[in-house]
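Since the structure comes first, as structure tokens, the remarks are kept for the end.
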Amino acid sequence: MSSSQVERIYCPVCLAKFKFSEGWSEGSVVVCPICGERLTISKSADGWVGDRIDKGTEKEIRDRIDGFAEIRGYVFNDVKEDIVEGLMGKYKRFGDFYCPCRMEHVPEYQCPCKPTRGGDVEKNGKCHCGLFWKKA
Amino acid sequence: MAEKHKIIVYALSTCPYCKRTKRFLDAHKVVYEHVDVDLLDDSKQDEVLDKVEKLTGRKSFPVVIVGTEIIVGHDEQKLKKALNI
């Protein structure tokens, strides 16, 4: 397969596409390398797409933030549990896991938010709400 | 004790730092009014957000108003000083 033909998988959380890896097939469970979401992949008419596993549950958001922290090498502190509670509140009231410290309920502020995915932790030492921290 | 002043807390219902500020005030038996800005209806929310932005220059929470003093973020030292506790 040439590089121009590399297949990609659409992530419904970060709304980005990531590279399809060798060994994956219909029904594989994969982790989005951009946001850390666990996805079951399937082929649709528009190409490969990921389905959120355990959507809307505490398990989903915990797996996602733990996955993201592992990918980026970030750490948590004692505010993590309060933030998870805030994320659950956002899901219940506003329909998805938006940043608990922001007013805006738009896809770019789905946790981990776009500024965090874009490198805010490297720049500021932490993300906007203080969930993800750069290792000391 | 600065409770002669009206104390108002502008907060987001899901924000952990806002919760810490409320917990801190409760623990010190401070009487205060609080507004969870994210739970207001749209027109009221716009009004309160404008007010918060005018007072603090940004839309960041919590905001605690003690008389003429404005504290942005959860800051126990500033709260203690402002409330004389």
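Numbers below:
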{"quantity": "Flag if B:Glu33 is farther than 29 Å from A:Tyr98 by Cβ, surrounded by fewer than 16 Cβ atoms within 10 Å (Cβ to Cβ), in contact (Cβ under 8 Å) with a residue 12 or more places away in the chain and acidic (Asp, Glu)", "calculated": "no"}
{"quantity": "Positions within the range B:27-40 being within 23 Å of A:Lys90 (Cβ to Cβ), of a type in the set (D, E, K, R) and at pLDDT 95 or above, in sequence order", "calculated": "B:Asp36"}
{"quantity": "Contacts under 6 angstrom Cβ, first residue in the range A:32-51 being free of Cβ contacts under 8 Å to residues at least 40 places away in the same chain, partner of a type in the set (Gly, Ala, Ser), 6 or more apart", "calculated": "A:Leu39/A:Gly50; A:Ile41/A:Ser28; A:Ile41/A:Gly50"}
{"quantity": "Residue selected from the range B:52-79 under the condition β-branched (Val, Ile, Thr), under 12 Å from the mean Cα position of the chain (by Cα) and not in a strand (DSSP E or B), by the criterion surrounded by the fewest Cβ atoms within 10 Å (Cβ to Cβ)", "calculated": "B:Thr56"}
{"quantity": "Output for the range B:26-41, where each listed residue is within 11 Å of the chain's Cα centre (by Cα) and not in a helix (DSSP H, G or I)", "calculated": "B:Tyr32, B:Glu33, B:His34, B:Val35, B:Asp36"}
{"quantity": "Scan of the range A:114-131 for residues that are in a loop (DSSP other than H, G, I, E, B) and away from chain B (no Cβ under 14 Å), ordered by number", "calculated": "A:Gly118, A:Gly119, A:Gly125"}
{"quantity": "Looking only at the range A:52-103, and only at residues there that are more than 10 Å from every other protein chain (Cβ to nearest Cβ), buried (at least 20 other Cβ atoms within 10 Å of the Cβ) and within 27 Å of B:Lys22 (Cα to Cα), the one that is farthest from the chain's Cα centre (by Cα)", "calculated": "A:Phe97"}
{"quantity": "Within the range B:7-25, considering residues that are within 12 Å of chain A (Cβ to nearest Cβ) and in a strand (DSSP E or B), the one nearest to A:Glu81 (Cα to Cα)", "calculated": "B:Ala11"}
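The values are calculated or read from the model by the stated rules, or taken from the named source; none is laboratory data. These numbers come from a predicted model, not from an experiment. Virtual Cβ from ideal backbone geometry, glycine too; neighbours counted across all protein chains shown.
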